[in-house]
Every structure is written in C-alpha cells, then in structure tokens.
Amino acid sequence: MTLNRWIVQSLIAALLFVAAHPAKADVLEKTKQIGALTVHYKVVLPKNYDAGKAYPAVLAFGGGPQTMNVVDSVISRNFRDEAEKRGYIVVVPAAPNDQLFFEGGERIFPEFLKQILADYKIQDNKFHIAGPSNGGITAFHVASLNPQYFLSITAFPGYLWEPTPAHIQAISKMCIHMFVGELDPMGWQSLMQRQTSEFRAKGMHADYTVEKGQPHRLETLAGANAGRLFDLFDQAQHGCGQ
C-alpha cells in the first residue's frame with residue numbers, strides 16, 4: 001500500500017469513528033478560592049457550547065461524603081448525557097475540607113455562585129438545585145439559605161434539613177420535587193411525605209414520588225432514566241406544574 005493511500009484510508013477511518021461516536025459534553029475540572037477554602041468542582045458544558053449564549057443551569061451535589069469521586073459518579077449517572085442533549089450547564093462542587101454542605105461546607109455560598117455567574121451566562125441568573133441522598137439534603141439546605149439564586153429543588157431522595165419557618169418561607173416560591181425508593185432502608189419515606197404535605201398546606205408547589213421497587217440509590221432517575229430530572233428542570237423554567 002502506498003503512503004498516500006494509507007493516509008486516505010486512515011482519514012476515512014477517523015471520520016467514520018467520529019460519526020459513530022459524536023462529541024460528548026465537555027466536563028471541566030476546576031477550583032475556586034472562597035475565603036480560606038479551596039473548592040474543587042466540575043462543570044458540564046453542553047455540546048457546541050457558546051460562551052456568548054445564556055444557558056439554563058443546574059447546581060448539583062453528590063451524596064455520601066461529597067468527595068470528587070462522588071462528583072464524578074453523580075455527573076455520570078444523572079447529569080452529563082441529558083445536559084448534552086438539552087443544552088444545560090451543570091456545576092457540581094465537592095465538599096471543601098471534607099465538610100458536608102449542610103455541616104459547614106455551605107459557607108462557600110453565595111460567593112461560589114457569584115463566581116460561577118461571572119464565568120458563565122446563566123438564564124435569568126438562576127439555577128435548579130438537585131442531588132441524591134446527602135446531595136438532596138444539601139439542595140434543600142443551600143436553597144433555603146440563598147433563595148434568590150434558585151428556581152427549583154429536586155431531591156432524590158432528600159428533605160429540608162432544618163424546617164424552620166424562615167427556611168420554609170425562603171423556598172416557598174420554588175418548584176419542589178422529592179423522590180424516594182419504596183424499599184429505602186433509611187426510613188426517609190414518612191419524613192419526606194410529611195414535609196411535602198406541610199409544604200402543600202402552605203400553598204407551595206411540592207410533589208412526592210415513591211419509586212416502586214427501588215432502594216436508597218434510585219436507578220429510575222439515572223442513566224437512560226435521567227431525562228425525568230431534566231423534564232422537571234425544563235418545566236420549572238416556565239413555572240411549577242400543579
């Protein structure tokens with residue numbers, strides 16, 4: 001085979017590979033200094049990201065220890081593919097100094113959000129906030145402390161860590177979605193159901209869904225099923241459903 005023919009065949013093979021494997025959303029690993037704390041986080045940018053365009057955005061949190069390994073997992077399971085398809089920016093921080101975001105780590109807000117808004121154009125300067133387990137608790141907690149930055153809260157599972165009248169009032173205008181597994185051994189079902197009822201009694205837009213046959217880690221909102229989360233984000237861009 002001549003060199004020119006080999007080059008042509010190699011180029012054809014490369015083009016066929018690209019066609020069969022379209023570009024994924026970019027995932028950037030970054031850090032920010034918030035006071036004395038160094039915050040490690042990742043950003044999912046949609047395919048063909050345009051820095052001059054405003055995008056809807058999600059601030060998400062992992063469960064468990066909220067480390068960078070957990071950040072990688074929750075991005076892969078719940079956010080990356082749909083962010084690419086629907087044109088969302090997703091920001092997922094790790095707990096600074098191993099302090100969970102409802103046990104001291106929350107002090108990086110609102111400064112962290114201000115810096116993200118300076119880096120990226122976010123529609124209406126507001127985020128959806130979401131996460132599983134400790135990430136769901138974090139979503140409620142951070143939203144209740146910084147309500148001006150959020151449109152919706154999605155916990156899968158999760159609940160309001162400190163349900164004081166002030167914290168409930170702070171999230172009262174947001175679209176709230178709570179999911180829990182039917183077989184969740186943590187026993188969060190009754191607490192989450194009770195909070196949902198309390199929110200509704202105050203005229204808030206809140207729903208509670210029991211995922212049939214699911215344990216604490218919900219497969220029904222992961223992978224190919226993660227579109228259910230983004231359906232809720234899309235809906236909240238235009239107001240809460242009844």
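The values are calculated or read from the model by the stated rules, or taken from the named source; none is laboratory data. Since this is a predicted model, take the numbers as computed values, not measurements. Neighbour counts are summed over all protein chains in view; Cβ atoms, including those assigned to glycine, are modelled from backbone coordinates with ideal geometry. We work out accessible area using only protein heavy atoms, side chains counted, and drop any ligands, DNA or RNA first. Shrake-Rupley method; radii C 1.70, N 1.55, O 1.52, S 1.80 Å.
Below, the figures for the structure above:
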quantity: Among the residues listed as Ala94, Ala13, the single one being at pLDDT below 95, of a type in the set (A, V, I, L, M) and either over 28 Å from Glu162 (Cβ atoms) or buried (at least 17 other Cβ atoms within 10 Å of the Cβ) (or both); calculated: Ala13
quantity: Given (1) in contact with a strand residue (DSSP E or B) (Cβ under 7 Å, 6 or more places away or on another chain); (2) open to solvent by 50 Å² or more (accessible area, probe 1.4 Å); (3) touching a residue at least 60 places away in the same chain (Cβ under 8 Å), number of the condition Val58 does not satisfy; calculated: (2)
quantity: Selection count where residues are assigned to a helix (DSSP H, G or I) and open to solvent by 50 Å² or more (accessible area, probe 1.4 Å), scope the range 116-142; calculated: 5
quantity: Members of the range 143-180 found to be at pLDDT below 95 and not in a loop (DSSP other than H, G, I, E, B), listed by number; calculated: none
quantity: Among (1) under 15 Å from the mean Cα position of the chain (by Cα); (2) crowded, with 24+ Cβ neighbours inside 10 Å - the single one Leu160 does not satisfy; calculated: (1)
quantity: Test: residue in the range 145-153 that is of a type outside the set (D, E, K, R), surrounded by 24 or more Cβ atoms within 10 Å (Cβ to Cβ) and farther than 25 Å from Gly52 by Cβ; calculated: yes
quantity: Residue count, the range 163-211 (criterion: of a type in the set (Val, Ile, Thr) and either on the phi > 0 side of the Ramachandran plot or open to solvent by 40 Å² or more (accessible area, probe 1.4 Å) (or both)); calculated: 3
quantity: Residue that is farthest from Gly136 (Cα to Cα) [pool: residues in the range 36-79 that are part of a helix (DSSP H, G or I) and aliphatic (A, V, I, L, M)]; calculated: Met68
quantity: Residue within the range 203-221 that is touching a helix residue (DSSP H, G or I) at 6+ places or on another chain (Cβ under 8 Å), at pLDDT below 95 and within 25 Å of Val90 (Cβ to Cβ) present; calculated: no
quantity: Every pair of residues 6+ apart whose Cβ atoms lie under 9 Å, when the first sits in the range 84-108 and is under 19 Å from Phe127 (Cα atoms) and in a strand (DSSP E or B) while the second is among the basic types (Lys, Arg) and open to solvent by less than 40 Å² (accessible area, probe 1.4 Å); calculated: Val90/Lys42; Val91/Lys42; Val92/Lys42; Pro93/Lys32; Pro93/Lys42
quantity: Among residues of the range 212-224, those that are open to solvent by less than 70 Å² (accessible area, probe 1.4 Å), within 17 Å of the chain's Cα centre (by Cα) and free of Cβ contacts under 8 Å to residues at least 60 places away in the same chain, counted; calculated: 1
